[in-house]
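Following: one structure in structure tokens, then a few remarks.
Bear in mind these aren't lab numbers, they're just calculated from the coordinates by the rules spelled out. Note that the structure is predicted; figures quoted are calculated from it, not measured. Reconstructed Cβ throughout: ideal geometry from the backbone, glycine too, with neighbour counts over all protein chains shown.
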Amino acid sequence: MAEITKLIHKYLRHDKKFPHVWCPGCGIGIMLGALIRAIDRTGLEKDEVVLVSGIGCSGRLPVYVDFNTLHTTHGRALTFATGVKLAKPALKVIVVMGDGDAVAIGGNHFIHAARRNIDITAIILNNGIYGMTGGQYSPTTPYGMKSTTTSYANIEHAFKISELAVTAGASFVARGTVYHAHQLDSLMEKAFRKQGFSVVEVIAHCHTQYGKLNRMGGPVSMLEWQRDHALPVEKAAQMTAESLADKFLTGVLTDRQLPVYQDEYDRIRKRASEAEGR
Amino acid sequence: MLLQGNEAVVKGALRAGCRFFAGYPITPATEISEILSVKLPALGGTFIQMEDEIASMGAVIGASLAGVKAMTATSGPGFSLMQENLGFAVIAEVPCVVVNVMRGGPSTGLPTYPAQGDVMQARWGTHGDHPVIVLSASTVRECYLLTVKAFNLSERFRNPVILLLDEVVAHMREKVALPTEDEIQIVDRMKPKVPPEWYIPYEDTPSGVPAMANFGEGYRYHVTGLTHDVRGFPTGRPDEIGPFISRLFRKISQNMSEIHIGEFYETEDADVVIIAYGCVARSAKRAARDLREKGMKVGLLKMNTLWPFMRSAVERVLETARMLVVPEMNMGQISREVKRVNQGKASVIAVNKIDGTVITPEEITRRIMEEA
């Protein structure tokens, strides 16, 4: 049996009726594949994994996967995940969000989860648009581009999600694309193995909404766009700011040892039980 | 022991087995957070101050899904923010407790003054048709007992339970004798008895309450805020939606007697019955006593359960009463319900006060003398 078939049998829910909700050619399936391959490499048991999501196209991902799965409210996935993780620290908690989910409605939760450095992995599918509701602009829609609510041009400036996560205090931050699928496997594996708040931003395409409105072609040409605009972070160091202008950095943006929330809280528990026992 | 209402809530929560609290600072509920931030870690539990009340409610639900009894405490403005995820707890049937120490509103309103303006918000604050259990305390002892009860009911029915206090009851200090350990009954959620492959997480059982597996215990299932089938998977089929939402209501409506808590004080022969809750029930009892001394047949129905509404209790006092008096620190939220049940049988007098001060016994007695 091919490797991918084995993984499908092992990790996908067979009692959940396919087909899935995503459009043909969508990048979320590639992200789901990377997630499953990375989990398999870590050797985590399915019972140990809690997969949490918010609302939107990416929010529908957990239902297909045979873990403890939790499809929460829009933007709030990290708050639920925080509760699960602190209540049962032995569980591996992974959160899947979209760009609107993570940095518009959930922006506050995102920076605070990073600041606390709680041991959760956040995977953010960034396709620069609200796909499920029909193509409205998101906080990562590039300046000047079109959406169904910026029919003339987007006059807002995009968040750089990964850079935001670095600044907010995450232990590990990486950016990949659905074009670079193999790299995505290894970025996710690194994130899952990391203690502390880890982020993998996944640049993806929405040809149904964003691509159509901005005349970027179908999924293939949008994947080619990712190939042509992604720049490995190691290469960028030697380049001029001018030549970086239309590029985005991929790879591991930060990987650092910072105090992890649960370890810190365990110390508080010890101090508290000594103080209360006195 | 001399105890404050908010302190009694903490003691009740810990007694009930609460080991997780997520909250955001707000007057007049802050003492609950402050004390739990000391007590919970000492017991191996978790206290976390979240970035807002939306996050607090999310964290509480997450902790409960992982198998730890969890609560939050807030006041009106924070309670408004919690409504979104409160609805999630209803549809996903996640036990949890929310304490709302009511202050004057709307908006920032009167942070340090009492009110009872959130009775209807507690009932209908989150969107969509949904069942809810709301309790209300009028003494410090009740703060303790009803917090335990709130956890028990939430575990028993897999539904969020809201405990409405008011600033007076929460900050008041009273001499209380707490019940002994064996006088308190603790209820835990029913766990599946079948192996994981047979587990149907949202099964339609006669009791209406399906067994609940905690995350990480081998029962991998899907939890969603979407309307779902018995397996927990999203559904758009009318033949699955109808029975599901009906079951959510049925699990509460067929167990009213377990949920309804109140006190009938000298109502047996009463011509006039005062119906009150929270700090106002204290003034009401005094008013009933004073009027009895004057020879009037006045009684009190104190409600500790506000929702589902204590319809049968009101019907019971209507057997003798020709007048129902409903004093409330709002513009008439419970009196509307009383009128609905009354259906013209007796006259229903609403005594309303919204200036941030407590309704006094004299204000109630004066009104009854005027109307009688």
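Partner shielding of B:63-71 amounts to 5, given as the average count of beta-carbon atoms from other chains within 10 Å of each residue beta-carbon. Considering only B:Ser283, B:Leu110, B:Ala372, and ranking their Cα positions along the charge dipole of chain B that arises from unit charges at the beta-carbon of Lys, Arg, Asp and Glu, the one farthest toward the positive end is B:Ala372. Give, as ranges by residue number, the residues of segment A:66-82 whose backbone N falls under 20 Å from the point 7 Å along Cα→Cβ of A:Glu45. Counting only backbone N, you get A:66-70. Using only the alpha carbons of chain A, what is the convex hull's orientation-averaged projected area in square nanometres? That works out to 16.2 nm², a quarter of the Cα hull's surface. Every helix of 4 or more DSSP H residues in chain B counts as -39500 (n - 2.57), and over all residues that averages to -12000 deg cm²/dmol at 222 nm. Relative to the dominant Cα principal axis of chain A, helix A:107-116 is inclined by about 40°. For segment B:264-371, the spherically averaged projection of the C-alpha convex hull amounts to 5.9 nm². In this calculation the C-beta distance from B:Glu268 to B:His127 is compared with R0 = 41 Å, giving a FRET efficiency of 0.45.
The modelled label-to-label distance between A:Tyr152 and B:Ile200, using points 7 Å beyond Cα along the C-beta direction, is 5.7 nm.
Rounded to the nearest whole angstrom, the semi-axes of the ellipsoid equivalent to segment A:219-278, taken from the Cα gyration tensor as √(5λ), stand at 48, 15, 7, largest first.
Rounded to the nearest 5, what % of DSSP beta bridges with both residues in chain A are antiparallel? In chain A, approximately 20 percent of DSSP beta bridges are antiparallel ones. Averaged over residues, the count of other Cβ atoms within 10 Å places the peptides B:55-63, B:279-287, A:20-28 in the sequence B:55-63, B:279-287, A:20-28, highest first. The mean number of Cβ atoms from other chains found within 10 Å of a Cβ in peptide A:16-23 is 1, as a whole number. Since only B:Cys96, B:Leu43, B:His127 are under comparison, the one whose Cα sits farthest along the positive direction of the charge dipole of segment B:2-183, derived from C-beta charges on Lys, Arg, Asp and Glu, is B:Leu43.
Quick one: Cα centre-to-centre distance for segment B:22-96 and segment A:1-46, in angstrom? Each part's Cα centre sits 34 Å from the other's.
Using the rule -39500 (n - 2.57) for each DSSP H run of four or more residues, divided by the residues of chain A, the 222 nm mean residue ellipticity is -10500 deg cm²/dmol. Note on A:Tyr143/A:Lys212: beta-carbon distance plugged into 1/(1 + (r/R0)^6) with R0 of 22 Å gives a FRET efficiency of 0.70. By the rule of a C-alpha distance below 28 Å, with chain neighbours fewer than 8 residues away ignored, the lysines paired with A:Lys10 are A:Lys46, A:Lys85, A:Lys88, A:Lys92, A:Lys190, A:Lys194, B:Lys191, B:Lys193.
Of all segments of chain B bounded by GluC sites (Glu not before Pro) found in a DSSP loop with no more than 14 other C-beta atoms within 10 Å, the longest spans B:1-202.
Short-range pairs are left out: with C-alpha atoms under 8 Å and at least six residues apart, the relative contact order of chain B is 15 percent.
Could you give the nm distance between label points at B:Thr360 and A:Gln257, where each point is 7 Å from its Cα heading toward the beta carbon? A separation of 6.8 nm, rounded to one decimal place.
Using only the C-alpha atoms, the convex hull of the protein assembly as shown corresponds to 175 Å³ per residue. If a/c stays under 1.5 just call it rounded; otherwise compare a/b with b/c (prolate if a/b is bigger, oblate if not). Do that for segment B:139-182, with a ≥ b ≥ c from the square roots of the Cα gyration tensor eigenvalues. Note, shape of segment B:139-182 comes out oblate.
Rounded to the nearest 10 degrees, the inclination of helix B:76-91 to the longest alpha-carbon principal axis of chain B is 50 degrees. For segment B:264-371, a simple Cβ point-charge model (Lys and Arg +1, Asp and Glu -1, everything else neutral) yields a dipole of about 160 debye relative to the Cα centre.
Here A:Lys146 is the anchor, and the lysines within straight C-alpha reach of less than 23 Å, apart from those fewer than 8 places off in the same chain, are A:Lys160, A:Lys212, A:Lys247. For segment B:90-235, the square roots of the Cα gyration tensor eigenvalues, ordered a ≥ b ≥ c, give a/c of at least 1.5 with a/b no greater than b/c, which places it in the oblate category. For B:Ala372 and B:Glu183, FRET efficiency with R0 = 45 Å and r from the beta-carbon atoms, rounded to 0.05? Efficiency computed from Cβ-Cβ geometry: 0.65.
Shielding by partners for A:72-78, please: the mean number of other protein chain Cβ atoms within 10 Å of each residue's Cβ.
Details: counts 9, 9, 2, 4, 11, 2, 5.
Mean shielding count: 6.
Beta bridges from DSSP with both residues in the protein assembly as shown: antiparallel share about 25 percent, rounded to the nearest 5.
Across all Cα pairs in segment B:2-183, the calculated P(r) in 5 Å bins from zero up to the longest distance comes to 1, 9, 20, 24, 23, 15, 6, 2, 0 percent per bin. Checking the a/c ratio against 1.5 first, then a/b against b/c, what shape does the Cα gyration tensor give for chain B? Prolate, because a/c is 1.5 or more and a/b exceeds b/c. Net charge dipole, the protein assembly as shown: roughly 440 debye, given to the nearest 20, about the Cα centre with Cβ charges of +1 for Lys and Arg and -1 for Asp and Glu. Taking Cα atoms only, the orientation of helix B:238-253 departs from the longest principal axis of chain B by about 50 degrees. Spatially, segment A:135-194 and segment B:221-283 are offset by 43 Å when compared through their Cα centroids. Taking the charge dipole of the protein assembly as shown about its Cα centre, with +1 at Lys and Arg Cβ atoms and -1 at Asp and Glu Cβ atoms, the residue from B:Ser75, A:Asn154, B:Ile184 reaching farthest to the positive side is B:Ile184. Between A:Glu163 and A:Asp228, the contour length at 0.36 nm per residue exceeds the alpha carbon distance by 21.3 nm.
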